[in-house]
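Before any comments, here is the structure.
The values are calculated or read from the model by the stated rules, or taken from the named source; none is laboratory data. None of these values were measured; they are calculated from a predicted model. We place every Cβ from the backbone using ideal geometry, glycine too, and count neighbours over all the protein chains shown.
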Amino acid sequence: MLIRALGLALLTSLYFSPVNGDTECPMNLDFSKRFLASDDSVRLCDTYSNTVLLIVNTASYCGFTSQFEGLEALQEKYGRQGFSVLGFPSNDFFQDPRSEEKIREFCDLTYAVKFPMFEKTKVAKRHAEPLYEALGTEAGQFPKWNFHKYLLDREGRVVGSFGPTVAPNNSELVERIEALL
């Protein structure tokens, strides 16, 4: 009985232990995502753990599209302090039907977006892909339109959920970001 319990404990520790001595990956960052219009992918945990994140579903043909400018301003202002905006284009609300290449070109040429943009993503509750399923479930709120923002602390926990009418320069949002840095 003791040998069986020790064997089970060893097996469990091997299965649930971090690989290569890495720290445990927060649930909301334990996803590999492909960069927009690229073959290159990144495991969010490996690149963005211990970073304050603002994760945003974006669209090129939306009344809120001008928020790209404010999001880029946040990235520029706080990026060196352990903050990053992560953009995820979505056509869930029928406002970004173009190819990833066209979206990338639009972001580059129209708003000079430098913050990381990732593959087109399903964000609405009815068919959210796993990252947005995790974020929406933890926040208790899924995007109902483009430019919904999830604020994550350095441990990868959702600490704020902001609808599209909350602009990137909104004082409450900025204060929450600054408090986390």
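Can you find even one residue in region 149-157 that is more than 15 Å from the chain's Cα centre (by Cα) and hydrophobic (A, V, I, L, M, F, W, C)?
no
Can you confirm whether region 10-29 contains a residue that is in contact with a strand residue (DSSP E or B) (Cβ under 7 Å, 6 or more places away or on another chain) and either at pLDDT below 90 or part of a loop (DSSP other than H, G, I, E, B) (or both)? Step through it out loud before you land on a result.
To start, the set of residues in region 10-29 that are in contact with a strand residue (DSSP E or B) (Cβ under 7 Å, 6 or more places away or on another chain) comprises 28.
Still in the list and also either at pLDDT below 90 or part of a loop (DSSP other than H, G, I, E, B) (or both): none.
The answer is no, given that none of the residues of region 10-29 is in contact with a strand residue (DSSP E or B) (Cβ under 7 Å, 6 or more places away or on another chain) and either at pLDDT below 90 or part of a loop (DSSP other than H, G, I, E, B) (or both).
Looking at region 154-172 only, could you name the residues that are of a type in the set (Ser, Thr, Tyr) and either surrounded by 13 or more Cβ atoms within 10 Å (Cβ to Cβ) or touching a Leu at 6+ places or on another chain (Cβ under 8 Å) (or both)? Walk me through it before giving the result.
Initially, region 154-172 is screened for residues of a type in the set (Ser, Thr, Tyr), giving 161, 165, 171.
Once the filter is applied, which keeps residues that are of a type in the set (Ser, Thr, Tyr) and either surrounded by 13 or more Cβ atoms within 10 Å (Cβ to Cβ) or touching a Leu at 6+ places or on another chain (Cβ under 8 Å) (or both), region 154-172 yields only 161.
Among the residues of region 36-50, which ones are in contact with a helix residue (DSSP H, G or I) (Cβ under 9 Å, 6 or more places away or on another chain) and part of a strand (DSSP E or B)?
Answer for region 36-50, where residues must be in contact with a helix residue (DSSP H, G or I) (Cβ under 9 Å, 6 or more places away or on another chain) and part of a strand (DSSP E or B): 42, 43.
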